[in-house]
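Report on the following structure.
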């Protein structure tokens, strides 16, 4: 089984407020990402401007994601990872979703209560 950390983002009711907070506290600059009827943000390193994470509104596809900095693990077989999550006492927080073409993602909670997302890139 292969996996790696692929991305992390924050999903909150007010992405503009969070974006401004992290600009003031950490120095992240932002780039707008138009999504449906709102704008989410790529957050960029204050040192070199590279995009390193995202801040999203809890709307649309993100409506059921809890307000937490969420790590996305890119897995080889998401269905197998979902099955193992349930077998090992974890919970599925969101339904399995298709994103960015044919990629898939789901938010899970491990047995200790920590949240993360599983992501399978389009094949």
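Where a number appears in this text, it was derived from the coordinates with a stated rule and is not lab data. Predicted model, so just to flag it, every value in this text is computed and none were measured. So basically every Cβ, Gly included, is an ideal-geometry build from the backbone, and we count neighbours across all protein chains shown.
Let me know the shape class of the stretch 59-122, please: from the alpha-carbon gyration tensor, a ≥ b ≥ c as square roots of the eigenvalues, rounded when a/c is under 1.5, otherwise prolate if a/b is greater than b/c, or oblate. Oblate, because a/c is 1.5 or more while a/b does not exceed b/c.
Principal-axis analysis of the Cα atoms of the chain puts helix 78-87 at an angle of about 70° to the longest axis.
In angstrom, the C-alpha Rg and Dmax of the chain are 14.9, 43.
Using a 10 Å cut-off around each Cβ, can you sort 21, 28 from fewest to most neighbouring Cβ atoms?
The fewest-first ordering by Cβ neighbours comes to 21, 28.
Give me 69, 7 ranked fewest to most by other Cβ atoms within 10 Å of their Cβ, as a rough exposure proxy.
Lowest count first: 69, 7.
Modelled this way, with points 7 Å down the Cα-to-C-beta line, the labels at residue 3 and residue 94 are 1.7 nm from one another. Once the Cα atoms are used to define both axes, helix 15-25 deviates from the longest principal axis of the chain by about 70 degrees.
Taking other C-beta atoms within 10 Å as the exposure proxy, 96, 70, 88 rank 88, 96, 70 from fewest upward.
Counted residue by residue at 0.36 nm each, then reduced by the alpha carbon distance between them, the extension gain from residue 103 to residue 63 reaches 12.6 nm.
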